[in-house]
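The values are calculated or read from the model by the stated rules, or taken from the named source; none is laboratory data. No experiment lies behind these values; they were computed from the predicted model shown. FYI the Cβ positions are ideal-geometry reconstructions off the backbone, even for glycines, and counts take in every protein chain you see. Please note that ligands, DNA and RNA were not included when accessible areas were found on the heavy atoms of the full protein model with its side chains. Shrake-Rupley method; radii C 1.70, N 1.55, O 1.52, S 1.80 Å.
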Amino acid sequence: MMSVEFAQSKTKENLMRAFAGESQARNRYTFAAGLARTKGLAVVERVFLFTADQERAHGKIYYDLLAQCSGENIRVDGAYPVDLYSGILEHLKAARHNELEEGEKVYPAFADMAREEGFPEVSKFFSDIAAVERVHSERFSRFAELVEQDRLFVSEGETRWMCLNCGHIVNAAIAPALCPVCKHGQGFFIRMKFIEQTGL
Ligand SMILES: [Fe+2]
Ligand SMILES: [Fe+2]
């Protein structure tokens, strides 16, 4: 194992790259959430906002690890996605792809480098957050498939749906066009099992 001063390390740069990546992901998901809202898909809006908040938390963890560089500017290069689509399915697929890249390639490589350079605590953060990104990818994937198959509000058999606005629960194969309690649209309904399994 080589031992490197933090100031000269690749890990310092990787933390700044990660902070930049997380910051952009948070913004992209917030924009996608806005698009979902305009399409009446409150449930997809919620998925993006829920994930955007977690990206913000990741960004803070990486940023805080740079405390000893306070006052400095850190120059890095990087490639970042342009995901400007008019369709919500494209946004879900792009998010699935980007999360998988982070979770399976980028952060594991940053974790390896941090370990090699002698920063095991930083390495652990990269590994732990990589695992979260893989869960993000799975979540986006599940919703992308449902949208692609036009089954976001249609289940195989009878299932429990919750209105994300008022919490009313309905047993049905198809989510109601309007919530019978609060009159919000079908776009607010989410399968209960998603809430039970993932918080969404
Ligand atoms: Fe993240
Ligand atoms: Fe993520």
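A few comments on the model shown:
- Contact order normalised by residue count of segment 1-114, Cα under 8 Å, 6+ apart, percent: 33
- Temperature 20 °C, viscosity 1.002 mPa s: under these conditions the Stokes-Einstein estimate for segment 123-200, based on its Kirkwood radius over C-alpha pairs, is 156 µm² per second.
- Taking the empirical scaling 2.2 N^0.38 Å for compact globular proteins as reference, segment 9-65 has a Cα radius of gyration ratio of 1.31.
- D (Stokes-Einstein, µm²/s), Kirkwood Cα radius, segment 31-94, 0.692 mPa s at 37 °C: 234
- Hydrodynamic radius of segment 58-200 by the Kirkwood approach over all distinct alpha-carbon pairs: 18.0 Å.
- Scattering curve values for segment 56-123, log₁₀ I(q)/I(0), Debye with Cα scatterers, q = 0.14, 0.17 Å⁻¹: -0.61, -0.84
- Choice from GLY187, GLY103, GLY118 with maximal GNM fluctuation in the chain (Cα, 10 Å cutoff): GLY118
- Radius of gyration and maximum dimension Dmax of segment 1-131, Cα, Å: 16.1, 54
- Segment ASN27-ILE174, extension gain: residue separation times 0.36 nm, minus the distance between their alpha carbons: 49.7 nm
- Extended-chain gain in nm, criterion 0.36 nm per residue less alpha-carbon gap, GLU104 and LEU200: 32.3 nm
- Relative to the current alpha-carbon distance between CYS182 and ASN73, full extension at 0.36 nm per residue lengthens the span by 34.2 nm.
- Counting heavy atoms of the protein chains alone, MET113 has an accessible area of about 50 Å² for a 1.4 Å probe.
- Dipole in debye (nearest 20) - segment 1-82, about Cα centre, beta carbon charges: Lys, Arg +1; Asp, Glu -1: 340
- R0 of 30 Å, Cβ-Cβ distance THR159-LYS39: FRET efficiency to nearest 0.05: 0.85
- Relative contact order for the chain, counting Cα pairs under 8 Å that sit 6 or more residues apart, in percent: 20
- Legend: helices of the chain (whole DSSP H runs) are marked when their alpha-carbon atoms reach 27 angstrom or more along the helix axis and their mean Kyte-Doolittle hydropathy is at least -1.0; marked are 10-38, 42-64, 120-148.
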